[in-house]
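J.: Pasting in a structure now, in structure tokens, and then I'll have a few things to ask.
The values are calculated or read from the model by the stated rules, or taken from the named source; none is laboratory data. Note that this is a predicted model, so its numbers are computed, not measured. Please note: Cβ atoms are built from the backbone with ideal geometry, for glycine as well, and neighbour counts cover all protein chains shown. Keep in mind that these areas ignore ligands, DNA and RNA; they rest on the heavy atoms of the full protein, side chains included. Shrake-Rupley method; radii C 1.70, N 1.55, O 1.52, S 1.80 Å.
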Amino acid sequence: MSHLRLAYGKLSPEAYNGLIQTSMALSKSSLGHLVELVYLRISQINGCAFCLDMHSTALRKAGYSQHKMDILSGWRMAEAFDARERAALDWAEAVTHISYCGTSDELFATLKEHFNDTEIADLTFAISLMNAFNRMAISMRQ
């Protein structure tokens, strides 16, 4: 296990607290467990062990299916995920990989079938936030 390179949260407390405040706001959104599910999937993609542990623990505590967490990385091939979860996961992957796959109008239309505008905004903030946290944790060896 690596040692933390810099205590970035203590060195840049205002910036770090802004991320924490965003996280707290998103925990109150109407998205429910989908926020943690998206956090877990993004952390799988980015390879953030710290975040994988944190979000799988949170999902388990909330009573989310262990089976679904076990097969999350293969969600496209699994029937266990409902249409709303699939839309959220698809959007999470597209936004996470935005530099090479973008977010198509077709993908956004599918998202609109399952989420209202506020939920889409919250979901996109959640995806962006988790990517920021992953990048900080991985680059600073948390």
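J.: Could you tell me the calculated FRET efficiency between ALA83 and SER23, based on Cβ-Cβ distance and R0 = 25 angstrom, to the nearest 0.05?
T.: That pair, ALA83 with SER23, gives E of 0.40.
J.: Could you tell me which GluC sites (Glu not before Pro) in region 20-126 are loop residues by DSSP with no more than 10 other beta carbons within 10 angstrom of their beta carbon?
T.: Qualifying residues, ordered by number: GLU79.
J.: With every protein chain present, what accessible area does ASP90 have (1.4 Å probe, heavy atoms only), rounded to the nearest 10 Å²?
T.: ASP90 has an accessible surface of roughly 40 Å² with all protein chains in place.
J.: On to the next question. Would you mind working out the accessible area per residue for the chain, using a 1.4 Å probe, and quoting it in Å²?
T.: Accessible surface, normalised per residue, equals 57 Å².
J.: Could you pull out every residue, at least 5 positions away or on a different chain, whose amide H is within less than 5 Å of the one on CYS48? Hs are placed 1.01 Å off N in the peptide plane, and Pro or chain starts have none.
T.: Residues meeting the criterion, in which the H sits 1.01 Å from N, do not exist here.
J.: Moving on to the next point. Which helices pass in the chain if a helix is a full DSSP H run, must span at least 30 angstrom along its long axis by Cα, and must have mean Kyte-Doolittle hydropathy not below 0.5?
T.: Span-like helices here: 117-139.
J.: Separation between the SER65 and ALA132 pseudo-spin-labels, each 7 Å from Cα along Cα→Cβ, expressed in nm?
T.: That separation, rounded to one decimal, is 3.3 nm.
J.: May I pose another question? Which of ARG86, ARG60, ARG41 moves the most in a Gaussian network model of the chain with Cα springs under 10 Å?
T.: Of ARG86, ARG60, ARG41, the Gaussian network model singles out ARG60 as fluctuating most.
J.: Over the Cα atoms of the chain, each weighted equally, I'd like the Debye log10 I(q)/I(0) at q = 0.08, 0.11, 0.17, 0.22 Å⁻¹, rounded to two decimals.
T.: With no solvent term, the Cα-only Debye profile gives -0.21, -0.41, -0.98, -1.52.
J.: Here is a follow-up. Would you mind telling me the share, in percent, of accessible area of the chain contributed by carbon and sulfur at probe 1.4 angstrom?
T.: Working: 4540 of 8030 Å².
Accessible surface attributable to carbon and sulfur in the chain totals 57 percent.
J.: Please quote Rg/Rh for region 1-68 to two decimal places, taking the Kirkwood radius as Rh and restricting both calculations to Cα atoms.
T.: 1.01
J.: Something else: Just to be sure I follow the rule: in the chain, considering lysines 8 or more places apart or on different chains, how many pairs have Cα atoms under 27 Å apart? Each step should come with its number before you reach the end.
T.: On the way: LYS10/LYS28; LYS28/LYS61; LYS28/LYS68; LYS28/LYS112; LYS68/LYS112.
Eligible lysine pairs with Cα atoms under 27 Å apart amount to 5.
J.: Here's another thing I want to ask about it. Measure off 7 Å from each Cα along the Cα-to-Cβ vector at ARG76 and ALA109, then give the distance between these two points in nanometres to one decimal.
T.: Going from the ARG76 label point to the ALA109 one covers 2.0 nm.
J.: Okay, moving on. Under a Cβ-Cβ cut-off of 11 Å, what is the net charge of the residues other than HIS55 that fall near it, where Lys and Arg count +1 and Asp and Glu count -1?
T.: +1
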